[in-house]
Structure formats: C-alpha cells, structure tokens
Amino acid sequence: MKYQDTIAAIAVSSKNGSISVIRISGEDSLKIVSEIFFDAQKKNIDLENCPTHTIQYGFIQKEKEEILDEVLILIMKAPRSYTAEDVVEIQCHGGAFICQQILGLLVRKGVRIAEPGEFTKRAFLNGRLDLSQAESVMDVIQSKSEAALKNSLSQLKGTVKEKIVFLREMMLQDLAFLEAALDDPEHLSLENFSSTMEEHAKKLQDEVNELIKNSDNGRIIKEGVRTAIIGRPNVGKSSFLNCILRDDRAIVTDIPGTTRDTLEEELKIGETLLQLIDTAGIRDTEDKIESIGIEKAKKSVADADFILAIVDSSRELSEEDIHVFDLMEGKPGIILLNKSDLASVLTPEQIQKKTDRKVFLFSAATGEGLKELEAYLKELFLFDKVSCQDEIYITNIRQKQALYEAAESLTKLRETIEAGMPEDLYSIDLYYAYEALGKIIGETVEDDIIDKIFREFCMGK
Ligand code: GDP
C-alpha cells in the first residue's frame with residue numbers, strides 16, 4: 001500500500017526543552033521541506049539532491065524572506081527510514097511557538113498533521129515492522145522500569161515475531177501438505193497423517209500455552225507486581241503505605257474503616273515495580289459504603305500477585321486477623337506485625353501458630369523494619385526475574401487474546417483427530433489457529449497459503 005500524502009508532527013515535545021524535532025514522512029517530504037529551507041546566502045537548499053543520512057544546516061524561512069529559525073535537517077531517504085518512506089527531521093529551537101510556526105508553514109505547503117502513532121503505522125504497513133514490533137514501540141516509550149524496558153526492546157528486536165513466525169511455519173507445512181494431498185490423492189497419501197498431525201498439534205499447543213503462561217510474568221514486568229495491602233481496620237495499612245512511599249498519600253485516622261476505597265501507588269523496589277493497593281479494612285460490617293470497600297478489598301486480593309497482610313502487635317489476634325490470613329490462601333505473601341514501637345501484646349510466634357507465612361516486625365510510625373522488608377522484597381522479585389530471563393513475554397492484551405484463540409483452535413483440532421474425523425476437517429481448525437497467531441504479527445493469511453502451496457508442491461504440472 002502506498003501513501004500519497006506527506007505527514008508531519010512534533011516528535012520531541014518537552015515544553016521547555018532547548019531543541020525540538022519535527023518529523024515529516026511521505027513522498028513529498030524532501031520537496032516540501034526544500035521549499036522553506038535556505039542557506040546563509042538565502043539560497044534554497046534542494047534536499048532531494050543531498051545524500052541520504054546526512055545533516056544539512058540552514059534556515060527555515062517564511063515567504064517574504066523572513067527567517068523563522070536556524071535549524072539542522074536530517075534526511076533519511078526511502079526505504080532506509082523509520083517509516084520506509086522519505087523522512088525529514090527538522091531540529092529547531094525548542095518551544096511550542098516555533099514548532100507550531102514551522103508546522104503551520106509545512107501545512108500550507110501541503111503536509112498533513114500526523115495522527116497519533118501514524119509514523120509507526122506506516123512503518124508497519126510498509127513492512128518495516130510487524131505488528132508485535134509496532135506495538136512494542138509504544139511500550140518502549142511507556143516503560144516504567146528497567147525490566148519493562150528490556151522486555152519491550154526485545155520485542156522490538158522481533159523476538160515475539162520470530163517465535164510466532166516459527167510456529168506459523170510449522171502450521172503452514174501441514175496445511176500445505178493437507179491441501180495438496182486432498183487435491184492430488186493419487187500422488188500424495190494421507191495415510192498415517194492423523195498421528196503426525198496429532199503430534200504436531202500437541203507440540204503447537206504446548207508452545208502456545210507456554211506463551212500464555214508467560215504472559216502473566218510479562219504483565220508483571222510491564223505493569224509491576226500487583227501487591228495488595230490487607231488487614232482489619234486500624235492495623236496501620238495506610239500508615240504503612242505512607243511509610244514505604246515516604247509520602248502522605250493515604251489518609252490516616254484512628255477511626256476504624258476510613259479507607260473506603262482502594263488506593264493505588266507505584267513503588268520501585270530494585271529493578272521491579274510494585275503496584276501497591278491499599279484496601280479497605282477487611283471485616284464484617286453493616287455500613288453499606290464500607291462493605292462495598294470490603295468487596296473491593298477481596299477483589300484486590302483475588303487480582304493480586306502478592307499480598308502484604310498487616311496485623312497490629314499491640315492487640316490480641318482476632319477472628320478478623322485469622323480471616324485475613326485465610327484470604328491470602330493460594331497467593332504468595334508475607335505478614336507485617338505493625339506498631340512494634342508500642343508495648344507488644346502479640347508476638348510473631350503466636351502468629352506462626354496460625355499461619356506459616358514469613359512475619360516481619362514493623363513500625364509504620366518509626367520506620368523500624370522498613371530496610372529489612374525492602375531488602376527482602378528486592379531479593380524476592382529479583383529471583384523471579386532471573387529465573388525467567390530468556391523467556392518471551394507477551395505483554396499485550398490483543399496479542400494474548402490471539403494466543404487464546406489459537407489455543408482453542410488447537411484443542412478443537414486435537415478433538416477432531418481423536419474423534420477419528422476425516423482429514424479435510426483438520427485444515428479448518430489448523431487454519432484458524434494459524435490465522436489467530438497471524439493477528440499477533442498482523443499478517444494476512446490467504447495469500448501466504450496459496451503461495452506456499454504453489455512454491456513447495458508444484459501442483460497442476
Ligand atoms: P488502617 O485503617 O489499617 O489504614 O490504619 P491507619 O494507617 O489509618 O492507622 C490507624 C491508626 O494507627 C492511626 O492512628 C495511626 O497513627 C496508628 N498507627 C499506624 N501504624 C502505627 C505504628 O507503627 N505505630 C503506632 N504507634 N501507631 C501506628
């Protein structure tokens with residue numbers, strides 16, 4: 001697909017930065033920018049005659065010889081550019097006013113203001129990036145931690161694409177063989193093909209399931225470990241949050257049940273991002289608004305990757321505390337025995353009679369135990385990352401949905417084989433799985449299959 005129009009946008013947007021970059025892409029970009037670009041002698045510089053990947057120095061001028069800015073211009077001729085089209089980048093002085101003036105000038109010369117993501121969309125449509133790479137461009141920009149950035153960069157390099165292409169290639173071999181054999185039974189036999197297909201389907205299913213399983217780790221890397229802070233009212237959940245964030249984000253009061261909703265904050269522990277969720281006190285209540293908060297707390301626990309349960313060391317262990325421990329069931333987590341600065345009524349040993357979770361003595365008031373807790377969490381999440389460093393993590397929901405679709409079709413394919421159905425039915429589910437995976441990298445399907453059949457099997461000789 002070829003675009004006719006030339007688009008432009010401000011590519012660096014820092015309000016008070018000293019330099020801004022305006023990016024222009026499209027067939028006419030060199031020609032259009034040349035019309036407004038002059039050297040010190042006020043002579044037009046023809047960018048079309050300048051070699052690609054060079055920088056030109058000069059001035060952007062309005063019609064009546066009025067200089068707008070002194071600039072550097074970077075030329076990247078097609079196809080060696082981000083969009084695979086002719087791209088010009090104008091480095092002008094920072095500031096919204098100058099940028100808008102230059103953009104305005106470009107628009108008057110026939111350029112259209114680019115829509116968000118349009119350069120990347122063109123890179124995809126022009127075959128420079130596959131869809132998973134295009135999506136990872138956004139993730140790279142939005143990365144919140146080193147681990148997230150590493151993962152997005154690896155996707156940008158094409159690791160997801162490689163894996164998906166490999167799996168689709170396996171599928172295509174069987175699809176092509178099936179089509180060919182069904183069309184030409186005299187020369188190609190389908191005898192024993194069901195057991196080969198069964199074997200292949202299982203392998204594919206395992207691979208797809210592995211990708212689905214890893215996508216949870218992918219989400220953790222990208223968005224952070226969802227950590228729910230739970231405990232009955234007044235144990236110090238909000239105080240803990242403020243203490244670990246070194247901030248006064250949560251409202252602390254001594255009236256039980258004041259955290260009516262959930263609060264979410266991000267915290268970097270080493271390389272890992274924690275999404276801390278302060279939940280309303282968990283206890284039975286008649287108060288309507290509060291009970292909604294408690295429902296939310298239970299949901300937060302269900303959605304969490306990790307639980308920080310807080311208990312008050314200045315009070316006896318209650319039924320509500322035990323209920324909190326029960327809620328943690330099946331989730332990794334630890335217990336903080338808070339208010340260690342007060343006279344102790346409850347000891348770690350007493351807690352460990354009820355649960356075998358690790359217990360930390362803590363004081364949100366004095367910060368006692370904070371260093372130990374942070375060191376522990378750092379170690380814990382570092383281990384998780386090291387153990388799954390070389391995996392491919394699908395972090396994108398759209399891509400994950402496509403994986404589910406592929407897995408479902410592969411399950412159906414195996415059922416079809418097990419039920420002893422005719423071979424021509426295999427291609428339906430296999431084709432759906434192939435198509436579903438194709439969505440991840442944004443490929444069309446029909447042409448591929450047809451090409452492959454003709455290339456590899458030389459039908460209709
Ligand atoms: P939440 O209902 O669990 O969120 O509890 P809050 O954080 O609102 O704290 C309830 C009360 O306990 C407040 O009066 C806090 O000042 C107090 N508190 C919280 N943590 C500590 C602590 O470590 N030591 C002491 N002495 N008081 C604390």
Checklist entry - In a shell of Cβ-Cβ distance under 11 Å around Leu425, excluding Leu425 itself, what net charge do Lys and Arg (+1) and Asp and Glu (-1) give? => result -3
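Using a probe radius of 1.4 Å on heavy atoms only, what accessible surface per residue do you get for the stretch 1-83? Whole Å² is fine.
Working: 4690 Å² over 83 residues.
Roughly 56 Å² per residue, with all protein chains present.
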Item to check | Calculated FRET value between Glu223 and Asp356, using beta carbons and R₀ = 30 Å, to 0.05 | outcome: 0.55
Checklist entry - Each residue of the stretch 79-89 in turn: what ³J(HN,Hα) in whole Hz from Karplus with 6.51, -1.76, 1.60 and θ = phi - 60°, glycine and Pro shown as x? => result x, 8, 9, 4, 8, 6, 9, 5, 10, 10, 10
Checklist entry - Over the heavy atoms of His93, what accessible area does a 1.4 Å probe trace out, to the nearest 10 Å²? => result 80 Å²
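Any idea what % of Cα-Cα pairs in the stretch 100-176 are farther than 22 Å? Mind showing how you got there, number by number?
Details: 1359 of 2926 pairs.
So the pairs more than 22 Å apart make up 46 percent of the total in the stretch 100-176.
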Item to check | Cα-based shape type of the stretch 62-145, given that a ≥ b ≥ c are square roots of the gyration tensor eigenvalues and the cut on a/c is 1.5 | outcome: prolate
Item to check | Residues Lys299 and Glu418, FRET efficiency given R0 of 35 Å [Cβ-Cβ distance, rounded to 0.05] | outcome: 0.35
Checklist outcome for this item: Residues whose built amide H sits under 5 Å from the amide H of Arg112, excluding neighbours closer than 5 in sequence, are Thr6, Ile7, Ala8
Item to check | FRET efficiency for Glu118 and Phe59, using Cβ-Cβ distance with R0 set to 35 Å, rounded to 0.05 | outcome: 0.80
Checklist entry - Hey, what's the per residue convex hull volume over the C-alpha atoms of the stretch 25-178, in cubic angstrom? => result 146 Å³
Item to check | Set Lys237/Lys378; Lys163/Lys222; Lys222/Lys439; Lys268/Lys354; Lys121/Lys439; Lys161/Lys213 screened for pairs whose C-alpha atoms are more than 25 Å apart | outcome: Lys268/Lys354
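Take the eigenvalues of the Cα gyration tensor for the stretch 11-52, scale each by 5, and report the square roots as semi-axes in whole Å, largest first. Don't skip to the end; give the middle numbers.
Details: eigenvalues 104, 46, 13 Å².
Working from the Cα gyration tensor, I get semi-axes of 23, 15, 8 Å.
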Next on the checklist: For Ile19, project a label point 7 Å along Cα to C-beta. Then give me every residue of the stretch 58-90 with its amide nitrogen under 17 Å of that point.
Outcome noted: 58-60, 69-76, 88-90
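The values are calculated or read from the model by the stated rules, or taken from the named source; none is laboratory data. On a predicted model such as this, the values are computed, not experimentally measured, just so you know. In this analysis, Cβ positions are derived from the backbone assuming ideal geometry, glycine residues included, and neighbour counts consider all displayed protein chains. To get the accessible areas, we keep the full protein, side chains included, count just its heavy atoms, and leave off ligands, DNA and RNA. Shrake-Rupley method; radii C 1.70, N 1.55, O 1.52, S 1.80 Å.
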